[in-house]
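See structure below.
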Amino acid sequence: MNVLINITWQGQSGNYLVNMDPGSDDNTIKRVCEEAVRAGEVPGISPGLPKNAFANFVIDRFHGDQTRLVVRPKVPFGSWHAAV
Amino acid sequence: MGSHALFLARDLEHNLAVIDFDRVETKNLASQWFVKQMLGKNKATALKTQLLNFYDVKIQDYTVKLTALNVDALLGGADLVVECFDNAESRRLVQEFVRAQSKPCVHAGLAANGEFGVVRWDNHFVIDEEDTAGQATCEGRGFLPVILRVSSSLVTSLQFFIDDRRQVNWNVSPRTAESF
């Protein structure tokens, strides 16, 4: 199944379309992404990537007509809270 | 981020309320929407004052810390909850409440170094723990463009939701903002 993976690395962001099991575990997805970036297959992200670059990253999973995965750094911060 | 979101949301045709127990510090002036005359004031009250003085917009300010004891009183009457906390514990409190109440909620978050931000409706929101307690955040200079980009994406999602209940998520980096 085609899976669209959005990858962010040091402020660069790119999409990678790959045929894989959308239920793959996080480590497998991270390995696939790391190899894709290194191979220059992710437009928008320069291929110079250290080993285990995504080790501390989070994977968001969106299952719709097409599965979308987001491989991203942690985003623990906002500032405060509002209610509308 | 929340202060800028409120600044951008000021013309929404809804009543706005803000909850914050914290006070405006000098370091906040670099990255949050506060003017220096507000130094030392409660942040929620400062935002209420700024919106009233600059734009004649009236909002409700709650100057308390959100806790399990007051979450129902503070959020129970809201039609939509917007969550921009800076710690996982408070985010969990909001998430547990809105899920129990089936209340629409949208979250926004930012990486510590400003390299990435998200806007997520609650059913897709994953709470990220800080790497260390009290970890430094984007409070220095140079982060405003990405903070404003995430804030603007957040308010755009509010507009979509108010218009037709669409729940649009965003990935935001310094170079791009993608909705889906």
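The values are calculated or read from the model by the stated rules, or taken from the named source; none is laboratory data. This structure is a prediction, so every number in the text was calculated from the model and none was measured. All Cβ positions, even for glycine, are placed from backbone atoms using ideal geometry, and neighbour counts span all protein chains on display.
In the range B:55-78, which residues are part of a loop (DSSP other than H, G, I, E, B), touching a helix residue (DSSP H, G or I) at 6+ places or on another chain (Cβ under 8 Å) and more than 8 Å from every other protein chain (Cβ to nearest Cβ)?
Passing the criteria: B:Val57, B:Lys58, B:Ile59, B:Thr63, B:Val64, B:Thr67, B:Ala68, B:Gly76.
Suppose we filter B:Leu52, B:Leu12, B:Leu47 for residues that are more than 21 Å from B:Phe116 (Cα to Cα), out of contact with any strand residue (DSSP E or B) (no Cβ under 7 Å at 6 or more places or on another chain) and outside any loop (DSSP other than H, G, I, E, B); which single one remains?
None of the other options fit; the residue is B:Leu52.
Among (1) assigned to a helix (DSSP H, G or I); (2) among the acidic types (Asp, Glu); (3) over 16 Å from the mean Cα position of the chain (by Cα), where does B:Glu89 come up short?
(3)
Restricting the search to the range B:162-180, which residues are at pLDDT 95 or above and at the interface with chain A (Cβ under 8 Å from one of its Cβ atoms)?
Once the filter is applied, which keeps residues that are at pLDDT 95 or above and at the interface with chain A (Cβ under 8 Å from one of its Cβ atoms), the range B:162-180 yields B:Asn169, B:Asn171.
For the structure I just gave you, tell me whether B:Glu96 is facing another protein chain (nearest Cβ under 8 Å), modelled with pLDDT of 95 or more and under 16 Å from B:Phe125 (Cβ atoms).
no
Give all pairs with beta carbons closer than 8 Å in which a residue from the range B:155-175 that is more than 30 Å from A:Ile45 (Cα to Cα) meets a residue that is surrounded by 14 or more Cβ atoms within 10 Å (Cβ to Cβ) and among the acidic types (Asp, Glu); count only pairs at least 6 apart in sequence or on separate chains.
Every condition considered, no pair remains.
For the range B:79-90, what are the residues that are free of Cβ contacts under 8 Å to residues at least 60 places away in the same chain and either at the interface with chain A (Cβ under 8 Å from one of its Cβ atoms) or touching a His at 6+ places or on another chain (Cβ under 6 Å) (or both)?
B:Val81, B:Glu83, B:Phe85, B:Asp86, B:Asn87, B:Ala88, B:Ser90
Just give me the residues in the range B:31-54 being away from chain A (no Cβ under 11 Å) and either surrounded by fewer than 14 Cβ atoms within 10 Å (Cβ to Cβ) or under 12 Å from the mean Cα position of the chain (by Cα) (or both), in sequence order.
Hits for the range B:31-54 are B:Val35, B:Lys36, B:Gln37, B:Gly40, B:Leu52, B:Asn53, B:Phe54.
Residue-wise test of (1) over 25 Å from B:Gln167 (Cα atoms); (2) surrounded by 15 or more Cβ atoms within 10 Å (Cβ to Cβ); (3) not charged (D, E, K, R).
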| site | (1), (2), (3) |
| --- | --- |
| A:Leu17 | no, no, yes |
| A:Met20 | yes, yes, yes |
| A:Asp25 | yes, no, no |
| A:Arg31 | yes, no, no |
| A:Glu35 | yes, no, no |
| A:Val42 | yes, yes, yes |
| A:Lys51 | yes, no, no |
| A:Arg61 | no, yes, no |
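For the subset of the range A:1-50 comprising residues that are part of a strand (DSSP E or B) and more than 26 Å from A:Asp65 (Cβ to Cβ), which member is farthest from the other protein chains (Cβ to nearest Cβ)?
This residue is A:Trp9.
For the range B:102-130: of the residues being out of contact with any Ser or Thr (no Cβ under 8 Å at 6 or more places or on another chain) and of a type in the set (A, V, I, L, M), which is farthest from the other protein chains (Cβ to nearest Cβ)?
B:Ile127
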